[in-house]
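Beneath this line is the structure, given in structure tokens, with notes to follow.
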Amino acid sequence: MHPFLITDNWYDLRDLGNLSGRLLELLDDALPFGLVYVLAALIGFAASFLIFVLPSQLIVGVYGERKLIGRIQSRYGPNRVGPFGLLQPVADAIKLMQKEALTPKTADRALMYLAPIVFVAPCVLLFAVIPFGPNMVFADIPVAILYFLAVSSIPVLTTFMAGWSHNNKYSLFGAMRVVAMTISYELPLVLGMLGVVLFTGTLALQGTVLWQKELDIWLVFLQPIAFAIFFISASAELNRTPTDIAEAESEIVAGYLTEYSGMKWGLFYGMDIGYAIAAAAFGVTVFLGGWTLFGLEKWVPPWIIFIGKTHLFYFLFIWTRGTLPRLRIDQLMTFAWKFMLPIALLNLALVATERMFWIEQEADDSIVYAFAIINIIAAAAAVYGWSRALGYRPEETPLRPRLVSEAGGFVPLESGGEGAT
Amino acid sequence: MEGFGVSLAFWILTGVTLVAALGVLASRNLLHAVLFLILLFVGMAGYFVLLSADFLAMAQVIIYVGAIAVLVLFAVLLTPRAGRNNGETRMFLPALLLCGTLLAIILFVITDTNWAVADESPSVTAADLGEALLSRWVLPFELASVLLTVALVGSIMLVRSREEEAEDAV
């Protein structure tokens, strides 16, 4: 055995699961009954805060996002507090805590108080099933993908509670929009995930990672449609900016957050980033190989690979937020039902056929590379063909700048003659 | 599953579920009642976890909390006079009668049935469920999907306006 490869020894810090497991065993022997659970929670909180929450939530999530969006929009972003403005999130948090949390007289006080708290809990729960390394997964349950989908449907109800409790019509608009959008986008999302599950044959996240590791291919190549659908649906359900119709400032003030102030608003803001990071971690685990990196995970700590990948995935969210214009609600709904749903169904049929072929012919595992090529071509063809069938037309050689209404996100084919030149 | 933790979880879940059920009955505000109902669904999912039925628990949360509860919220919001005081209604007595009868039947069935007690908990995975649904129970499964399609088409037919039908006829 190679001397530098990752081992199961407790002192091998390249997999922190070994150390924590050993530590808990020792503590369980030494301490009276049950106390180890309390200690484990405290140790786990401290460790996860140091290696994950602090870099992800504060530095990448708040600071990095504002800085990057600033750069995208040709401005500096935060640069006053601390070196390079790095202490800006801390200053913001202190400001939010000092601010008075107002409650309108006509609001439903109990619900308005409860909503931010209920909003935080599922975000923490989501990370329970995310594998950070071979042994670094808190709950390796066999239905982890379903668990993730289930728990991530709870914050929708919370945003609804928040929006309704204000007794303010803009809040209610925001809440209704969240709910309507979630119903629409959950469908293609689940259908896309179904394609992935059909391929891997497991609902466990660790199993998905190991499957990709064994076959040396990431599912993003096998399932490009599912990946795109996941990214767009997650973006829509997270209310990230190109699709944040639930809190569209230009239309309905701040949607379900209109009446919140102080730390109640801060919890929503912070946990929006938390959910985005959770979605990024989920996407990385399912589509981008999780903690593996084509053999490099034997040398570099897997959790560093995983966190790095998660942050890169989160960068995609920031990028789309900084560059794409916001969609209208009817455009978003039409896109979910008329575009993503049929394509997701097509993808599902394709995957089922391939999987059946793989099993029936008892083909070699290297057939996945052929599937990958087929699926990438099929994905491009499906997206192009279906958008042409719906009447979306790409403009190949724009000769002059024009208004959106002129060039058109949506130009029906029969009247296409005028828009094209 | 056995042990102190599981018993504790069971009693906590029971408490939460009972409080939620009472909340559904007692809350005067219709929306609060729906939210209590959602809490009840989550409690039921917890029971499924305690019974080692992971897949059922997750399905319970996805379907009941994620989809049905949201639809119920929609329905409540679109109901005229949903914000009225829910305590005053003429349906109180019939509802009480119906619930009492139902409770009596369920209690009778529970006490009367000869429950088979297994020594060890059976492990049923999602794959087992899927195989059973698509082999032995394929007919009810397909019937259910046909039923859902019919419901979908029917609801679209119900809400279509005359103008839209006139447009399509052209």
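Bear in mind that the values in this text are calculations on the coordinates, not laboratory data. No experiment lies behind these values; they were computed from the predicted model shown. Heads up, the Cβs are rebuilt from the backbone with ideal geometry, glycines too, and the neighbour counts pull from every protein chain shown.
Neighbour counts of other Cβ atoms within 10 Å put B:T125, A:T258 in the fewest-to-most order B:T125, A:T258. Among B:M91, B:M44, a tally of other beta-carbon atoms within 10 Å of each Cβ gives an order, fewest to most, of B:M91, B:M44.
What ranking do B:4-11, B:58-65, A:279-286, A:261-268 get when scored by the average of other Cβ atoms within 10 Å per residue, highest first? Can you show the working numbers first?
Values: B:4-11: 11.9, B:58-65: 21.0, A:279-286: 25.9, A:261-268: 18.9.
Top of the packing list down: A:279-286, B:58-65, A:261-268, B:4-11.
Spin-label model, B:L147/A:F294: points 7 Å from Cα along the beta carbon direction are separated by 5.1 nm. Comparing Cα centroids, the range A:370-392 and the range B:39-63 end up 38 angstrom apart. Extending 7 Å from Cα along the Cβ direction at A:V383 and again at B:A21 yields two label points whose distance is 5.0 nm. Dipole magnitude for the range A:92-222: computed about the Cα centre from +1 point charges on Lys and Arg Cβ and -1 point charges on Asp and Glu Cβ, it is near 580 debye. Over all directions, the projected convex hull of the C-alpha atoms in the range B:123-170 averages 5.1 nm² in area. Modelled this way, with points 7 Å down the Cα-to-C-beta line, the labels at A:F84 and A:E25 are 4.1 nm from one another. Here the mean projected area of the convex hull built on the C-alpha positions of the range A:99-381 is 15.4 nm². For the residues of B:65-72, the average number of beta carbons from a partner chain within 10 Å of their own beta carbon is 5.
According to the calculation over all Cα-Cα pairs in chain B, the P(r) per 10 Å bin from zero is 8, 20, 32, 26, 11, 3, 1 %. Since only A:S74, A:L146, A:M136 are under comparison, the one whose Cα sits farthest along the positive direction of the charge dipole of the range A:34-147, derived from C-beta charges on Lys, Arg, Asp and Glu, is A:S74. Dividing the helix sum by the residues of chain A, where each DSSP H run of 4 or more adds -39500 (n - 2.57), gives a mean residue ellipticity at 222 nm of -19500 deg cm²/dmol.
If you place +1 on the Cβ of every Lys and Arg and -1 on the Cβ of every Asp and Glu, how big does the dipole about the Cα centre of the protein assembly as shown come out, in debye to the nearest 20?
2320
Counting every alpha-carbon pair across the range A:207-344, the share separated by more than 27 Å comes to 30%. Here the range B:1-87 is treated as a Stokes sphere of Kirkwood radius computed over C-alpha pairs; at 4 °C and 1.567 mPa s its diffusion coefficient rounds to 93 µm²/s. Here, the protein assembly as shown is characterised by an Rg to Rh ratio of 0.97, where Rg is the alpha-carbon radius of gyration and Rh the Kirkwood radius. The mean number of Cβ atoms from other chains found within 10 Å of a Cβ in peptide A:143-151 is 5, as a whole number.
Volume per residue for the range A:203-286 equals 99 cubic angstrom (convex hull of Cα atoms).
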